[in-house]
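The values are calculated or read from the model by the stated rules, or taken from the named source; none is laboratory data. Since we're looking at a predicted model, the values are computed, not measured. Cβ placement follows ideal geometry from the backbone for every residue including glycine, while neighbour counts extend to all protein chains displayed.
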Amino acid sequence: MLKALVPVDGSNNSLCAVRHVIKLVQDREPLEIHLLNVQPPFRGDVTSFVAKEDVQGYHIDEGHKCLKRACEILDEAGVHYTTHIYIGHAAQVIAEVAKDLGCDKVIMGTHGYGTVKQLLMGSISHAAIHQIDPSIPVTLVKEGYGSTAARRAPAAATATATAPVSR
């Protein structure tokens with residue numbers, strides 16, 4: 001069975017990757033799914049004022065909130081998975097966890113920004129691709145995958161393209 005790491009941040013983009021994984025499993029691709037949420041570390045010396053256990057508890061609670069919808073979608077589909085919550089810089093942690101778990105692939109959502117916007121705004125998926133071991137393939141799932149609107153769009157475009165033109 002292949003191991004697939006699916007980073008999830010609670011966004012619709014990450015849920016598109018989850019829907020793609022479900023489709024792969026339904027198409028009989030044997031996958032051991034690992035959902036990963038990476039919580040950003042606090043800036044400054046927060047632990048000077050707040051107990052380390054409280055900070056860690058906060059990160060775990062936030063991680064569970066981010067994973068909640070992805071878990072619900074997988075549960076509804078009857079797909080088994082394991083969850084992981086880490087604290088750190090997302091791209092770096094994704095790369096490290098993929099290697100540490102011995103993942104055969106990483107499947108992650110992306111906003112689908114163009115190169116210029118990506119350079120200006122930054123992209124975790126873009127940064128992760130450059131840090132993930134080159135022997136681990138990465139699949140990027142564009143925003144909108146698996147949504148009702150995305151499924152209807154091609155049909156509407158086809159209908160428009162095949163409509164007779166009046167002169």
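Key figures for this structure:
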| item | result |
| --- | --- |
| Close pairs (8 angstrom Cβ cut-off, 6 or more residues apart or separate chains): touching a residue at least 24 places away in the same chain (Cβ under 8 Å) in region 54-73, in a helix (DSSP H, G or I) and of a type outside the set (Asp, Glu) anywhere | ARG69/LEU15; ALA70/SER14; ALA70/LEU15; ALA70/VAL18; ILE73/LEU15; ILE73/VAL18; ILE73/ARG19; ILE73/ILE22 |
| Residue list for region 80-103, restricted to those being under 18 Å from HIS64 (Cα atoms) and of a type in the set (A, V, I, L, M) | ILE85, ILE87, ALA90, VAL93, ILE94, VAL97 |
| Residue match in region 82-90 (condition: more than 21 Å from GLN131 (Cβ to Cβ), β-branched (Val, Ile, Thr) and free of Cβ contacts under 8 Å to residues at least 60 places away in the same chain) | yes |
| Region 66-88, residues that are out of contact with any strand residue (DSSP E or B) (no Cβ under 9 Å at 6 or more places or on another chain) and not acidic (Asp, Glu) | LYS68, ARG69, ILE73, ALA77, GLY78 |
| Qualifying residues in region 119-152 (those that are assigned to a helix (DSSP H, G or I) and basic (Lys, Arg)) - the one modelled with the highest pLDDT | ARG151 |
| Single residue of HIS89, HIS64 found to be over 14 Å from the mean Cα position of the chain (by Cα) and at pLDDT below 95 | HIS89 |
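Yes or no, residue by residue, for (1) assigned to a strand (DSSP E or B); (2) under 9 Å from the mean Cα position of the chain (by Cα); (3) loosely packed, with under 14 Cβ neighbours inside 10 Å; (4) modelled with pLDDT of 90 or more:
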site: CYS16; (1), (2), (3), (4): no, yes, no, yes
site: HIS20; (1), (2), (3), (4): no, no, no, yes
site: LEU24; (1), (2), (3), (4): no, no, no, yes
site: GLU32; (1), (2), (3), (4): yes, no, no, yes
site: ASN37; (1), (2), (3), (4): yes, yes, no, yes
site: ARG43; (1), (2), (3), (4): no, no, yes, no
